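What follows is calculated from the coordinates using simple rules that are stated; it is not laboratory data. What you see is a predicted model; the values in this text were computed from it and never measured. Counting neighbours? That spans all protein chains shown, and the Cβs are built from the backbone with ideal geometry, glycine included.
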Amino acid sequence: MATYTEKLAQFARQLRFDDLPAQVVEDVKLRVLDTLGVCFVTTGMEYAAQAAEVARGLGGAGPCTVVKRGGGWSAPGAAWMNGALAHGIDFDDVHGRSIMHMSAVVVPAGLAAAEAHDVGGEELLTALVAGYEVLIRMGLVAPGEFHARGWQATGVCGSYVAALVAGRLAGLDEAGLARAMGQCGVFGTGLRATADDGTWSKPLCPGWAAPGGLVAVELGRRGYLAPAAVLEGRWGLYNAYVGLERCDLAQLTRGLGSEWETPRASYKPYPTSGSLQSVIDCALWLQKEHEIQAEEIEEIELVVGWRSTPAAARRGGGFGPGAEPCTSIGSESSAAARRIH
């Protein structure tokens, strides 16, 4: 019986541009543009300057491009840097049910691999669609369960999909793609510890997933042996991070290639956590409806779901009265800071 990595590799390898509905193609084009737009904004931030110094050294020189920093980058270096930029102000798209920030992984990995292997637009779009669809389904297996245990699902799962996207563009066959995915069991990570202090690690979750996938592709190309059941096995991704009893593994392939999840992902009206979008809308409505002035407010109490609590109250300053974001990334996930600025 085929493992899930083998099934996903088969989907990614066999998908053709002509198989894609026009709506899905246009949707993914817009997501690429949106991702590049976010990168243009974040490239001037302080964290980006320091990250670029490190990313430039990953793999030496190469044929790839980093947004606003030009060419000459290695594929892993460009994928890492563009991934960190794409997630830098929490303005990247998100699929609500799976809690996956797909574009911050899929687009940087795809662009780097396409430049490295001189791949055309239709092939790139096909690989990107495969990546979007698989990453969303990886989150739908256990919605919210990664986050509840302190993991950022995008960081943990992203390298597997980066390997699929980059491997498809590199010309790997199904067996090579499955091997590449298998290696990602040692590349995926993404602790949410930064949710408590607003430090700069958050953009690195999808940022690091992208080059991890590219490295896995090179191993897969060479026949480097990898675990076949890296997703569903006893020591695989879902049992290790979540527990198989909380997972619906059938979601990995349910509707794959016939039901398209990518267009259901949302764009954010505000550059902050997805769970705070409605909170900000509510604050703006209250201010307008009641003509509230800042000096009239003594205290604001938010009643939110458990997913919103770190973003609304903690990140960048801890719990309690007077807690204030201490970094730009912390302020992005503070309801009060987003309302003020």
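Pull up all non-local amide H partners of Met102: gap of 5 or more, or a different chain, and H-to-H distance under 5 Å with H placed in the peptide plane.
Amide H to amide H, under 5 Å and 5 or more residues apart or across chains, Met102 pairs with His95.
Can you list residues whose amide H is under 5 Å from Gly72's amide H, if they're 5+ apart or on another chain and H is modeled 1.01 Å from N?
Amide H to amide H, under 5 Å and 5 or more residues apart or across chains, Gly72 pairs with Gly62, Cys64.
Can you list the HN-Hα couplings for the range 6-16, worked out from phi with the Karplus curve (6.51, -1.76, 1.60; θ = phi - 60°), rounded to whole Hz and with x for Gly and Pro?
5, 5, 5, 5, 4, 4, 5, 6, 8, 4, 10
Kindly put Leu20, Leu85, Leu284 in sequence by how many other C-beta atoms sit within 10 Å of each C-beta, fewest to most. Could you put the intermediate results ahead of the total?
Values: Leu20 21, Leu85 32, Leu284 12.
Lowest to highest Cβ neighbour count: Leu284, Leu20, Leu85.
Which three extents, in angstrom, do the Cα atoms of the range 1-71 have along their principal axes, listed largest first?
47, 31, 21
Using only helices, what value at 222 nm comes out for the chain when you add -39,500 (n - 2.57) per DSSP H run of length 4 or more and divide by the total residues, to the nearest 500 deg cm²/dmol?
Details: 14 runs with 169 residues, N = 341.
Helices in the chain give a 222 nm mean residue ellipticity of -15500 deg cm²/dmol.
Quote to one decimal, in nm, the extra length available between Val54 and Leu244 on full extension: 0.36 nm per residue of separation minus the C-alpha distance between them.
Numbers: separation 190, 0.36 × 190 = 68.40 nm, distance 3.70 nm.
Stretched fully, the Val54-Leu244 segment lengthens by 64.7 nm.
Kindly state, as a whole number, the per residue volume in cubic angstrom of the convex hull around the alpha carbon atoms of the range 4-264.
Working: hull volume 27.4 nm³, N = 261.
Value for the range 4-264: 105 Å³ per residue.
Taking amide hydrogens as modeled 1.01 Å from N in the peptide plane, which residues meet the under 5 Å criterion relative to Trp151, leaving out close sequence neighbours?
Arg192
Determine ³J(HN,Hα), in whole Hz, for all residues of the range 65-77 in sequence, where each value follows from phi through the Karplus function 6.51 cos²θ - 1.76 cosθ + 1.60 and θ = phi - 60°; x replaces Gly and Pro.
Using θ = phi - 60°, the values come out as 10, 10, 3, 6, 10, x, x, x, 9, 5, 4, x, x Hz.
If you plug each phi of the range 97-108 into the Karplus form 6.51 cos²θ - 1.76 cosθ + 1.60 with θ = phi - 60°, what whole-Hz ³J(HN,Hα) values come out, in order, with x for Gly and Pro?
5, 8, 6, 10, 9, 5, 4, 5, 9, 5, 5, x
Just tell me the longest site-free run in the chain, where the sites are GluC sites (Glu not before Pro) in a DSSP loop having at most 15 other beta-carbon atoms within 10 Å. Could the numbers behind the result be given before it?
On the way: sites that count: Glu259, Glu291, Glu298, Glu299, Glu301.
Counting only loop sites that pass the neighbour cut-off, the longest clear stretch is 1-258.
Looking only at Ala170, Ala180, Ala148, which one moves most when the chain is put into a Gaussian network model with springs between Cα atoms under 10 Å?
The residue that fluctuates most here is Ala148.
At q = 0.20 Å⁻¹, what base-10 log of I(q)/I(0) does the Debye formula yield for the range 108-207 when every alpha carbon is treated as an equal point scatterer in vacuo?
-1.00
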